[in-house]
Amino acid sequence: MNSDHKVIGIGSFASVFGDVVCKPENIPDFETLWETVSFGTDFAEMGCTTYRKMSGPALDYVVEAVRRSLRDAGTTPADVGHLVFATSDPTLALLPSGFAGDVLLALGMDTCVPHLVSYQRCCSSLTALQHGERLFADPDVTHVVVVALDFVPEDRDRVRSYAMFGDAAVSCVLTRDDPGLLRLLSSAVKTDPAGLRGNDTFISRKNVADRTLSAVFRSGGHRPAELTKVFAANLHKPLTVFNATSVGLPPDKLHFAGTLAEYGHCGNADWMINLIDYHERSGVRAGEKYLAQSLAPGFYACGLLEGSAR
């Protein structure tokens, strides 16, 4: 996938969560809301004890995440040729029309080109990562920033089917000719037509996951058995484990429970949050293979990653 056979490194991940720590049970009518959207499942089994809420404009959190990424990468704003925003559809509708320009100006990136990837719900950031890598087809591009953003203004709206939403912005830096922390070996996002119509089933969800995973492992030249960890979406824990098992991903390789407990489901930023958490706890190692994956009604996305030598 890398243009001109150049190495494109992915690294300098930075996460900025909502600054207010909240408990799900303090949301008015929480038990009724959960029962309505999650069909009698026990919320306690989900594993979420707190979530984070943004007290200020989303722009501030995005700017801080990107600043941290640039600082950790030793990169100046002038080095960045493109900034790719990724957000799920409901969040996109909440952003003001001048959001991208305001972010660039706040960061001093007035020569940077903004992009947006959305309409794939919680799968959007994996497509944004793929898009960011492809921007290196331009030989003048040396750095690309990808930032995933999701937030929910109204607490009652955080309680959704098998999910408890929290607020976060997460960024990373893609760099030409730098091994970074990881390389993207392959990625794919595919559609479940039944899910788009709102009548998806276990079979339709499994089919789209199987097709996506097969494409990624075939293109990446590796097998599921080679995976060290899978960075999963922070959904209801029993459901996440079941879904992974049904498509041949070993439950003991999933990494999500700790961040689910603390932050809830942060939309399309989940896999990045879990990657950061795993790296802080255990360390991404050169040559090891990792899978980032996400799912949403109508979509399944995944990316095969390899730890880089630094």
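Values quoted throughout were computed directly from the atomic coordinates according to the rules given, and no laboratory measurement underlies them. Note that the structure is predicted; figures quoted are calculated from it, not measured. Glycine also receives a Cβ, built like all others from the backbone with ideal geometry; neighbour counts cover every protein chain displayed.
The phi torsions of segment 165-179, fed into the Karplus equation with coefficients 6.51, -1.76 and 1.60 and a -60° offset, translate into couplings of 7, x, 10, 6, 10, 9, 10, 8, 10, 9, 9, 6, 6, 9, x Hz, rounded to whole numbers, with Gly and Pro shown as x.
Only helices enter the 222 nm calculation for the chain: every DSSP H run of n ≥ 4 contributes -39,500 (n - 2.57), and dividing by all residues gives -9500 deg cm²/dmol, rounded to 500.
How do 68-76, 124-132, 38-46 rank on mean C-beta neighbours within 10 Å, highest first?
Working: 68-76: 16.9, 124-132: 26.1, 38-46: 13.6.
By packing density, highest mean first, the sequence is 124-132, 68-76, 38-46.
Rg then Dmax, both in Å and based on the Cα atoms of segment 3-176: 17.7, 56.
In segment 182-307, the inverse of the mean reciprocal separation of distinct Cα atoms equals 14.5 Å; this is its Kirkwood hydrodynamic radius.
When only alpha carbons are used to place a centre, segment 80-120 and segment 190-205 end up 29 Å from one another.
Within the same chain, lysines fewer than 8 places from Lys23 are excluded, and of the rest, those with a Cα less than 20 Å from its Cα are Lys53, Lys237. Taking amide H as placed 1.01 Å from N in the peptide plane, Lys229 has its amide H under 5 Å from the amide H of Leu291, each at least 5 places away in sequence or on another chain.
Per-residue extension of 0.36 nm, minus the Cα-Cα distance of Ala44 and Tyr119, leaves a gain of 23.9 nm for this segment. Listed values for segment 59-68 are Karplus-derived 3J(HN,Hα) couplings in whole Hz (6.51 cos²θ - 1.76 cosθ + 1.60, θ = phi - 60°), namely 3, 5, 6, 5, 4, 5, 4, 5, 4, 5, and x replaces Gly and Pro.
For segment 48-57, putting each phi into the Karplus relation 6.51 cos²θ - 1.76 cosθ + 1.60 with θ = phi - 60° gives couplings of 9, 10, 9, 9, 10, 10, 6, 8, x, x Hz, in residue order, rounded to whole numbers and with x for Gly and Pro.
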